[in-house]
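Q: If you scroll down you'll find the structure; I have some questions about it.
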Amino acid sequence: MKTAYEQTYQSIVHKLSKCDFNKAAPRLGLDPPINGSLRVSFLGREYIINSEGIVGADGLPSDPCCRGVLVYYVTSEGSGDPSDTYWLPQNFSPSPLRSISISWMSAPLVREIGNDEHKIKNALEKLGAISEGSSKGNKSGEHVWTYRVLPKIGMQITFMEADEDFPCEIILKLDKGTGRFLEFEQLAFLCGCFMETVTELCKI
């Protein structure tokens, strides 16, 4: 039986049939399509996208949430480069009554990391995130990375080490231009996919 997320993906995959990949590719920072298919690197994995749907380039099953994010990204009308200025996810909300709670998304990752900050460092390194170290005047125990989660969408990840009073904390921000490519609800899926991927990498 299909999961709710798979059903959601199936309800939007038709958008790909109406997308002109040749025009979309340069605008979205992608290589031109080959034989009608795009290849996109997303969260450490390659995907093949054509008018019929999205599959992992390795032929293995893939997360329908990740495929859904890619559908929206590829079919968006967004353009422009990242600004390298980062906002909290809730700042993208069109209404003060709507928000994205990163805390529940990051809870499994926080539990997995515990007091071992090397886990998240190694996980983010595997994804290709760039450590900003202390170059921006970070506080003691605070670590910052930047990561291009999709060609035109940047992230900033801040990790606060645990101390005797509080567990570690993860703060996720998105480039302020992200809203040109994904709508508010889609940002929640993007953040969720990122957190889940990092959590799994921390277990390796």
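The values are calculated or read from the model by the stated rules, or taken from the named source; none is laboratory data. Predicted model, so just to flag it, every value in this text is computed and none were measured. Cβ placement follows ideal geometry from the backbone for every residue including glycine, while neighbour counts extend to all protein chains displayed.
Q: What are the pairs, 6+ residues apart or on separate chains, where a residue within region 2-24 that is outside the structural domain of residue 189 (by TED's automatic domain parsing) has its Cβ under 8 Å from a residue that is modelled with pLDDT under 95?
A: The qualifying pairs are 10/2.
Q: Hey, could you check region 60-81 for residues that are in a helix (DSSP H, G or I) and β-branched (Val, Ile, Thr) and say which is surrounded by the most Cβ atoms within 10 Å (Cβ to Cβ)?
A: Ranking the qualifying residues of region 60-81, first place goes to 69.
Q: Can residue 31 be described as acidic (Asp, Glu), under 29 Å from residue 202 (Cβ atoms) and not in a helix (DSSP H, G or I)? Let's see the steps before the verdict.
A: Values: acidic (Asp, Glu): yes; under 29 Å from residue 202 (Cβ atoms): no; not in a helix (DSSP H, G or I): yes.
Spelling it out, it is not the case that residue 31 is acidic (Asp, Glu), under 29 Å from residue 202 (Cβ atoms) and not in a helix (DSSP H, G or I).
Q: Continuing with the same structure: Take the residues of region 139-174 that are of a type in the set (Gly, Ala, Ser) and in contact (Cβ under 8 Å) with a residue 40 or more places away in the chain: which is surrounded by the fewest Cβ atoms within 10 Å (Cβ to Cβ)?
A: Among those residues, the one meeting the criterion is 162.
Q: Among residues belonging to region 152-199 that are within 14 Å of the chain's Cα centre (by Cα) and among the acidic types (Asp, Glu), point out the one that is nearest to residue 123 (Cα to Cα).
A: 196
Q: For residue 26, all conditions in the list (1) part of a helix (DSSP H, G or I); (2) in contact with a helix residue (DSSP H, G or I) (Cβ under 8 Å, 6 or more places away or on another chain) hold save one; what is the number of the exception?
A: Residue 26 satisfies every listed condition except (2).
Q: In contact with a Lys or Arg (Cβ under 6 Å, 6 or more places away or on another chain) and either part of a helix (DSSP H, G or I) or buried (at least 17 other Cβ atoms within 10 Å of the Cβ) (or both): is that true of residue 47 in this structure?
A: Answer is no for this residue.
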